[in-house]
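The structure appears right after this line, and notes come after that.
The values are calculated or read from the model by the stated rules, or taken from the named source; none is laboratory data. Remember, predicted model here, so these are calculated numbers, not experimental data. Note that we place each Cβ from the backbone using ideal geometry, even for glycine, and neighbour counts take in every protein chain shown. Heads up: the accessible areas ignore ligands, DNA and RNA and are worked out on the full protein's heavy atoms, side chains in. Shrake-Rupley method; radii C 1.70, N 1.55, O 1.52, S 1.80 Å.
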Amino acid sequence: MELENLRFGTELLKRGFAKMQKGGVIMDVTTPEQAMIAEEAGAVAVMALHAVPADIRRMGGVARMADPKVIEEIIDAVTIPVMAKVRIGHFVEAQILEAIGVDMIDESEVLTPADEFHIDKTKFKVPFVCGARNLGEALRRIKEGAAMIRTKGEAGTGDVSQAVRHMKMIMGDIRKLKGMNSEELTKFAREIEADPELVAECARLQRLPVVNFAAGGIATPADAALMMQLGADGVFVGSGIFKSENPEAMAAAIVEAVHHYDEPEVLARVSRGLGRPMKGIDVTTLQEGEALQARGW
Amino acid sequence: MRRIGVIALQGDVSEHISAVEAAGGQAVAVRRAGVIPTCSGIVMPGGESTTIGRQLERTGIAAEIKQAAANDVPVLATCAGLVLAAKEIDAGDVRPLGLIDISVGRNAFGPQRESFEAEIDVAGFDRPYRAVFIRAPVVLRCGEGVQEIARFGGRTVAVRQRNLIGLAFHPELTEDLRFHRMLLEMG
């Protein structure tokens, strides 16, 4: 074995890991039992949390990284990848999760931010996913080393409208780049406070240079398929599964819906008789300061 | 032009489609039954083997792949694809298709932070190959008729059985098209 040839934690490996999640559903879980339900339903990965976003919202207070013991128990319970969340800017929580052996870290606005700046993700071997509302925000995170982007949406509400808005903003901004010359691209990059080279790359690829998932308010198979039809590479489902009446059935149905997102007959079949989805909150009724999407920049 | 069916249920499908096209083949994304019988080659991409395995059964594509492989249609199976093409898997409740007579150990190198890139020697290649291993499996046992074509760190990471190629790594994530060309030149 030629050890000098061996490389860990490269951008190719981090972005490559995210690519393996494409077309899949990543589910929030708080216990090993829930993680096993998610795996059985066909989740591509689980997100280990101390509480799902709907409960974090309800409980209030400072939301932090989950207890490493719980995360380790979840890692031991399943064979699929395990992700976990850290507070925006809290690079020590990230160091702890990397040490535990979490497969991907979500630097998440669902937890209480620790800093106005985000983590320098290039310093880690483990890949990161970050939330974004528009192209500028997505590219700032990618510049910091994020290997995957997800819409912020509005977590813990079960209201898909903000995820829709953010996905359309990102896709729309990328479409605008089509046909711009290099001068116009530079100007646009300055306007959205993004790296000009990354803007030029998006113009050329006509997509983000990393995998782009939908998240924040997805609660039904129809919501998941909606996000896929809008161009998401896959979906995160937070409270939508374990806050529904029948989590097993809901989880399996959302997985089917993502695989068959453009087949209404299949969507109709899998949507039948699932019981009550999570109750949710209409985002237009949120008080000022309650929107998690405003965290980060 | 060879028509290659790329199983498109979950995982890095578009990367394999691009690689097949760059290597001179025609790629078709396979999301339901009925397409595989029209293809003269198959790619089983990387992704999550539990997720893909379940969908292969539900859609009826699993049976079509088995039939095609039995008729000597070439197959390139990478990472999760290798797991699903195997005869036996060490753990988990995935039911593999049993195309290649091997046992596979899933996620054999540890969590994602242990994923790696390395130069390896591949039987029949005149220069080293840069392989990308992501939560990669390894081949634990090779049956008769299975040729080991690459090893890394004393473990088998690439095999060939007649027209079936199984790789623990991801040829679709680099610009090196030698494995996709091998698929297009077989049979």
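Ballpark to the nearest 100 Å², how much total accessible area do B and A bury together, probe 1.4 Å? If you can, show how the numbers build up before the last one.
Working: alone 8360 and 13680 Å², together 18810 Å².
The buried area between B and A, both sides summed, comes to about 3200 Å².
Ordering B:Thr51, A:Thr220 by accessible area with a probe of 1.4 Å, largest first, what comes out?
The ordering from most to least exposed comes out as A:Thr220, B:Thr51.
Could you size up the charge dipole of the protein assembly as shown around its Cα centre, putting +1 on the beta carbon of Lys and Arg and -1 on that of Asp and Glu, and report it in debye to the nearest 20? Can you show the working numbers first?
Details: 56 positive and 66 negative charges, 152 e Å.
Here the protein assembly as shown has a charge dipole of around 740 debye.
In what order, largest first, do A:Lys121, B:Lys66, A:Lys19, A:Lys187 sit by accessible area if the probe radius is 1.4 Å?
Greatest to least solvent exposure: A:Lys187, B:Lys66, A:Lys19, A:Lys121.
Using Cα pairs closer than 8 Å and at least 6 residues apart in sequence, work out the relative contact order for segment B:130-187, in percent.
31 percent
What is the Rg over Rh value, at two decimals, for the protein assembly as shown, using alpha-carbon atoms and the Kirkwood definition of Rh?
Ratio value, two decimals: 0.96.
Given A:Thr151, A:Gly296, A:Leu111, which one lies farthest toward the positive end of the charge dipole of the protein assembly as shown, if we put +1 on the Cβ of every Lys and Arg and -1 on the Cβ of every Asp and Glu?
Result: A:Thr151.
Which whole number in µm²/s is D for segment A:109-254 by Stokes-Einstein, with the Kirkwood Rh taken over Cα pairs at 20 °C and 1.002 mPa s?
Using the Kirkwood radius from Cα pairs, D works out to 134 µm²/s.
Based on alpha-carbon centroids, what's the gap between segment A:127-180 and segment B:136-187 in Å, whole number please?
37 Å
Counting alpha carbon pairs within less than 8 Å and at least 6 residues apart, what relative contact order, in whole percent, applies to chain A?
19 percent
For the protein assembly as shown, build the charge dipole from Cβ charges (+1 Lys, Arg; -1 Asp, Glu) around the Cα centre, then report which of B:Val30, A:Val211, B:Ala80 sits farthest towards its positive end.
So the residue we want is B:Val30.
How many partner chain Cβ atoms sit within 10 Å of a residue's Cβ in peptide B:38-47, on average, as a whole number? Working shown, then result.
Numbers: counts 0, 0, 0, 0, 0, 0, 0, 4, 5, 7.
The mean count of partner-chain Cβ atoms within 10 Å per residue comes to 2.
Given a 1.4 Å probe and the protein chains all in place, what does the accessible area of A:Arg7 round to, in Å² to the nearest 10?
Estimated to the nearest 10 Å², A:Arg7 gives 120 Å².
Expressed as a rounded percentage, what relative contact order does chain B have, with Cα pairs under 8 Å and six or more residues apart? Present the calculation step by step, with values, prior to reporting the outcome.
Numbers: 428 pairs, mean separation 38.4, N = 187.
Value for chain B: 21 percent.
What does the accessible area of B:Arg178 come to, in Å² to the nearest 10, when a probe of 1.4 Å is used?
30 Å²
Compare B:Ser103, A:Ser161 by solvent-accessible area with a 1.4 Å probe and give them largest first, with all protein chains kept in place.
If we order B:Ser103, A:Ser161 from most to least accessible, we get A:Ser161, B:Ser103.
Taking the highest mean first, how do the peptides A:226-238, B:88-100 order by number of other beta carbon atoms within 10 angstrom per residue? Spell out each step's value before the answer.
Values: A:226-238: 23.2, B:88-100: 17.5.
Per-residue Cβ counts within 10 Å, averaged per peptide and sorted highest first, yield A:226-238, B:88-100.
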